[in-house]
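What follows draws every value from the coordinates through simple rules; no lab data is involved. Model, not experiment: these values are computed from the prediction. All Cβ positions, glycine included, derive from the backbone under ideal geometry; neighbour counts span all protein chains shown.
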Amino acid sequence: MLARSSSRWLAPGNPGMLSPASSQFPGYRRAHAVKGELYSPSFQRKGARPFNEVPGNWKTGWFNLYHFWQEGGFHNVHNIMARQFQKFGPIYREKLGIYESVNIINPEDAATLFKSEGMFPERFTVSPWVAYRDHRNKSYGVLLKNGEAWRFDRLILNKEVLSPQVMDNFVPLLNEVGEDFVRRVRVQIEKSGRGKWTADFTNELFRFALESVCHVLYGERLGLLQDFVDPEAQRFIDAVSMMFHTTSPMLYIPVKLFHWINSKTWQDHVKAWDVIFMQADKCIQNVYRDLRLQRKSAKEYTGILSTLLMQDKLPIDDIKASVTEMMAGGVDTTSMTLQWAMFELARSPGVQEQLRTEIFAAKQAAQGDMLKMLKSVKLLKAAIKETLRLHPVAITLQRYTMQEMVLQDYRIPAKTLVQVGIYAMGRDPKFFVKPEQFNPERWLMMETKYFKGLGFGFGPRQCLGRRIAELEMQLFLIHMLENFKIETKRGLEIGTKFDLILIPDKPIYLTLRPLSAHP
């Protein structure tokens, strides 16, 4: 639910009805002067250099795109961006085909950007996703909306997805799926006859993430943790991967061209989204049926979708569009982060033992209260944050500037796409000591974390599924670590490639081995 992030899921840090002046975001108070106009010292610097002096390759967009394609840039954009920061410094301007941006890496510049985003912040619009909806005449969800329409939907969704009151409803649902995954692992270990289960867990984690998000969204289970997976569910799994895979090439060249020539990329993209919407429609129809037949107790939490339908505050088509986006965006992103987390823990047995000790102590102190337990596993939460530093789902966060602003002493015009290179930031020794090391404790000991932990974004357009994703990952790792040791081959190195999200460049084989005894 991260977001591919970018996506990916967008959400405010304040888990309720958010106003830009919220105490959760003191920067907004500083950024708004009387009469609601943006104000910040960065806007008032005199003598700042003009926009056309920003360093970078931005004068020959199509020539740049050709070279970008030649060096495998579609799958290597994160490493190219890191090299560009080394070459040009903390800010550079770039144009690749029709895609033009200013890229920044310093946390202080990220703060300046996000704290001045105003009432209606705009992020980069994923044009292939918009084109599909226009092609099929489907409504936009909150991910793709802007302005008043975005804000209206977002404030309603915040209450049902982010507020502390609904978090309590999510924990039992997600915990149930986590416990079922433990049972599946034990069955596979028994079947192996070797006292362990070694596998590439990509598909297993994808199924776990889809089962989890659907349980929260629709209040129902799909049965994906069985040996036999329903063919329709498997088609959905394949479709999400294809949707992300076909998105990247269409970011740099007008989508209309792909559509006009009816390219295979466009055809595959449309087919993938068709399957995603069909799966969502099936789940939505089941919720309609249950509501009509009143199959569930009025006191029983029946998921985000049924709550939104009963409230009747949003048009049904808008609800369906946003819920479908959440389902599609909350599977690959969460499952991939868990895969990276397991890989890093397998390579760091000392950290793994520290986490296990924390989990057992928290469980004993909580005496069965899972919510209480979750509040005390600080190192575990830091481990997820550290995973997202090394392997962020989205390699950048983007905003369009609301008015002219100054970054690194350059004047950046209004309506300029500015990207924060969070992958490059996480790997830069200027911001993180020994950045290549997996060290969750750094987040507990760091003097300042100011705009360094941006894995879920920032502000009103943060990941909408942030709280769900955090709970899902925390509960999953708790169950894994209190039941199994996670191992991998010594010295195993896995590279990364960009496929709209950051994924391994080869399969990661992990081994799960039951703990001999609990402390």
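Which ³J(HN,Hα) values, rounded to whole Hz and listed in residue order, are derived for the stretch 246-257 from phi using the Karplus coefficients 6.51, -1.76 and 1.60 in 6.51 cos²θ - 1.76 cosθ + 1.60 with θ = phi - 60°, glycine and proline given as x?
8, 6, 3, x, 8, 7, 9, 10, x, 4, 4, 5
With a point put 7 Å past each Cα toward its Cβ, work out how far Met446 is from Lys415 in nm, to one decimal.
3.6
Relative to the present Cα-Cα distance, how much length would full extension add between Phe431 and Arg83 at 0.36 nm per residue of separation?
Full extension from Phe431 to Arg83 adds 123.7 nm.
Which one, Tyr92, Leu173, Ala424, is farthest towards the positive end of the dipole of the chain when Lys and Arg carry +1 and Asp and Glu -1 on their Cβ?
Selected residue: Tyr92.
Once you have the Cα-Cα distance between Asn262 and His135, take 0.36 nm times their residue separation minus that, and quote the gain in nm to one decimal.
Length gained between Asn262 and His135: 44.5 nm.
Compute the signed sum of charges (Lys and Arg +1, Asp and Glu -1) over the other residues within less than 9 Å, Cβ to Cβ, of Met242.
It works out to a net charge of -1.
Quick check: from the Cα gyration tensor, does the stretch 386-481 come out rounded (a/c under 1.5), prolate or oblate?
Oblate, because a/c is 1.5 or more while a/b does not exceed b/c.
Does the stretch 149-191 come out rounded, prolate or oblate, given a ≥ b ≥ c as the square roots of the eigenvalues of its C-alpha gyration tensor, rounded meaning a/c under 1.5 and, failing that, prolate meaning a/b above b/c?
Prolate is the answer for the stretch 149-191, as a/c is 1.5 or above and a/b outweighs b/c.
Once you treat every alpha carbon in the stretch 288-429 as an equal point and sum by Debye, what is log10 I(q)/I(0) at q = 0.08, 0.16 Å⁻¹?
Here log10 of I(q) over I(0) equals -0.44, -1.08.
In whole Hz, with x marking every Gly and Pro, tabulate ³J(HN,Hα) for the stretch 490-503 from phi via Karplus 6.51 cos²θ - 1.76 cosθ + 1.60, θ = phi - 60°.
For the stretch 490-503, the Karplus-derived couplings read 5, x, 5, 10, 10, x, 10, 9, 9, 9, 6, 10, 7, 10 Hz, x marking Gly and Pro.
Of Phe476, Phe498, how do they rank once you tally other Cβ atoms within 10 Å and put the fewest first?
Final ranking by Cβ density, sparse to dense: Phe498, Phe476.
Give the value in nm², to one decimal: projected area of the alpha carbon convex hull of the stretch 4-514, averaged over all directions.
24.6
Which length gain, in nm to one decimal place, applies between Lys271 and Leu293 when the Cα-Cα distance is subtracted from 0.36 nm times their residue separation?
This chain segment gains 4.6 nm when fully extended.
What is the sum of charges, Lys and Arg at +1 and Asp and Glu at -1, for the other residues whose Cβ falls under 13 Å from the Cβ of Phe258?
Result for the local shell: +1.
Return Trp197, Trp273 ranked ascending by Cβ neighbour count within 10 Å, so the fewest neighbours appear first.
Result, fewest neighbours first: Trp197, Trp273.
Need one number: % antiparallel among DSSP beta bridges in the stretch 4-514, to the nearest 5.
Of those bridges, close to 75 percent are antiparallel.
So what's the stretch 462-519 giving for Rg/Rh, alpha carbon basis, Kirkwood Rh from the mean inverse pair distance?
Rounded to two decimals, Rg/Rh equals 1.07.
Under a plain spin-label model, where a point goes 7 Å from the Cα along Cα-to-Cβ, how far apart in nm are His245 and Trp62?
It is 3.0 nm.
Can you list the residues, at least 5 places off or on another chain, whose amide H is less than 5 Å from the amide H of Phe484, using H built in the peptide plane?
Leu515
Run the dipole for the stretch 4-514 about the Cα centre, Lys and Arg Cβ at +1, Asp and Glu Cβ at -1, nothing else charged, and hand back the magnitude in debye, nearest 20.
Here the size comes out at about 760 debye.
Pull up all non-local amide H partners of Thr496: gap of 5 or more, or a different chain, and H-to-H distance under 5 Å with H placed in the peptide plane.
Residues meeting the amide H criterion: Asp505.
When the Karplus curve 6.51 cos²θ - 1.76 cosθ + 1.60 is applied with θ = phi - 60°, which whole-Hz ³J(HN,Hα) does each residue of the stretch 229-237 get, with x for Gly and Pro?
So the Karplus estimates, Gly and Pro as x, are 9, 3, x, 5, 5, 5, 4, 4, 4 Hz.
Rank-order 101-107, 510-516, 337-343, 90-96 by packing density, defined as the average count of other C-beta atoms within 10 Å over each peptide's residues, highest first.
For the peptides 101-107, 510-516, 337-343, 90-96, the packing ranking is 337-343, 101-107, 90-96, 510-516.
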